[in-house]
């Protein structure tokens, strides 16, 4: 190894400086809600910020935390710079896993304020330290905070299923946009789209609220749609709930489903996109159970059963009459 490879980096970049500032603020023991909100906004600005924070946190932990640094007189920034080369490969590996749809630190107790994400077609299970389990569907990003009496998850995007370990003294909350779900001993799924939130309650009870709207108490079988200003609730039969949550088994269930809706579902999971030629094709209905990642099987059904024309071109499957 060359002298250049052994040498510590000359200085810290802006993201590293900011990450270290957050860690030093946390170490002081005073961490108000507005500070946590600012920290989470900083993490959300870019994946690079999240990775940098992991790297700096690893260096910080390596040094025995800042309290130990103060006793030794070693400057925190010097420790982070010298440890950067030791943690860089580990973080690079995490990024590589995330890039192909994996989830960092799967099935491990979740540390406070950490971001977890799946890529396109990803499906992973996260076990929290309090016994709660979260299943993440395709293209999903969540932030988990377990600290003191606070148990909260913020859904940035995508869809997740929650099996919450109930604790009356420590409410479990899920937020997405301006919507808030409070667990009352619950299994439920949450899907965040651009302009609405869908909450499917399987077991127990939960309270769903949005700004300027009366909170709704959800019971098993309830499916709630929340917009920026309102909530509507419908009761579903068990078969409908099975279809809603079939992604947990890695399948999509269609029952008199339009090709437009079926294509939209498949396109959530696959790089090869289904494209429908026109509205006439879009309104044709289909039934069956398909693996979420087997868009080719669906195309074969469209051709062989529905008698439609199927063309593969430029990463898409064009379906026409």
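The values are calculated or read from the model by the stated rules, or taken from the named source; none is laboratory data. Computed from a predicted model, the values in this text were never measured in an experiment. Cβ sites come from the backbone with ideal geometry, for glycine too, and all protein chains shown count toward neighbours.
Inside region 119-129, can you point out the residues that are assigned to a loop (DSSP other than H, G, I, E, B) and loosely packed, with under 15 Cβ neighbours inside 10 Å?
120, 129
Could you pull out every one of the helices (runs of 4 or more DSSP H) wholly within region 228-321 that has 3 or more residues that are more than 29 Å from the chain's Cα centre (by Cα) and in contact (Cβ under 8 Å) with a residue 24 or more places away in the chain?
Values: elements: 238-244, 259-267, 279-282, 295-304.
Where helices (runs of 4 or more DSSP H) fall fully within region 228-321 and carry at least 3 residues being more than 29 Å from the chain's Cα centre (by Cα) and in contact (Cβ under 8 Å) with a residue 24 or more places away in the chain, they are 279-282.
What about residue 234, is it farther than 29 Å from residue 321 by Cα and out of contact with any strand residue (DSSP E or B) (no Cβ under 6 Å at 6 or more places or on another chain)? Spell out the reasoning first.
Numbers: farther than 29 Å from residue 321 by Cα: yes; out of contact with any strand residue (DSSP E or B) (no Cβ under 6 Å at 6 or more places or on another chain): no.
No: the conditions fail for residue 234.
Just to be sure, is residue 194 out of contact with any helix residue (DSSP H, G or I) (no Cβ under 6 Å at 6 or more places or on another chain), within 18 Å of residue 137 (Cα to Cα) and surrounded by fewer than 16 Cβ atoms within 10 Å (Cβ to Cβ)? I'd like the intermediate steps shown before the answer.
On the way: out of contact with any helix residue (DSSP H, G or I) (no Cβ under 6 Å at 6 or more places or on another chain): yes; within 18 Å of residue 137 (Cα to Cα): yes; surrounded by fewer than 16 Cβ atoms within 10 Å (Cβ to Cβ): yes.
It is true that residue 194 is out of contact with any helix residue (DSSP H, G or I) (no Cβ under 6 Å at 6 or more places or on another chain), within 18 Å of residue 137 (Cα to Cα) and surrounded by fewer than 16 Cβ atoms within 10 Å (Cβ to Cβ).
Filtering region 270-304 down to residues that are out of contact with any helix residue (DSSP H, G or I) (no Cβ under 8 Å at 6 or more places or on another chain) and closer than 27 Å to residue 160 by Cα, which residue is surrounded by the most Cβ atoms within 10 Å (Cβ to Cβ)? Step through it out loud before you land on a result.
So the first thing to find is which residues in region 270-304 are out of contact with any helix residue (DSSP H, G or I) (no Cβ under 8 Å at 6 or more places or on another chain), and the list is 271, 277-280, 287, 293-294, 296-297, 299-301, 303-304.
Adding the requirement that they be closer than 27 Å to residue 160 by Cα leaves 271, 287, 293-294, 296-297.
Working: 271: 11, 287: 12, 293: 18, 294: 16, 296: 15, 297: 12.
Filtering region 270-304 for residues that are out of contact with any helix residue (DSSP H, G or I) (no Cβ under 8 Å at 6 or more places or on another chain) and closer than 27 Å to residue 160 by Cα, the one surrounded by the most Cβ atoms within 10 Å (Cβ to Cβ) comes out as 293.
Of the residues that sit in region 130-155 and are crowded, with 17+ Cβ neighbours inside 10 Å and touching a residue at least 40 places away in the same chain (Cβ under 8 Å), which one is nearest to residue 294 (Cα to Cα)? Walk me through how you get there before you give the answer.
Just the residues of region 130-155 that are crowded, with 17+ Cβ neighbours inside 10 Å, to begin with: 132, 134-146, 151-155.
This time we only want the ones that are touching a residue at least 40 places away in the same chain (Cβ under 8 Å), so: 132, 135, 137-139, 143, 145, 154.
On the way: 132: 31, 135: 21, 137: 16, 138: 14, 139: 17, 143: 30, 145: 35, 154: 30 Å.
Among those that are crowded, with 17+ Cβ neighbours inside 10 Å and touching a residue at least 40 places away in the same chain (Cβ under 8 Å), it is 138.
From the list 177, 185, which residue is within 15 Å of the chain's Cα centre (by Cα), modelled with pLDDT under 90 and surrounded by fewer than 22 Cβ atoms within 10 Å (Cβ to Cβ)?
Numbers: 185 fails: within 15 Å of the chain's Cα centre (by Cα).
Exactly one of 177, 185 is within 15 Å of the chain's Cα centre (by Cα), modelled with pLDDT under 90 and surrounded by fewer than 22 Cβ atoms within 10 Å (Cβ to Cβ), namely 177.
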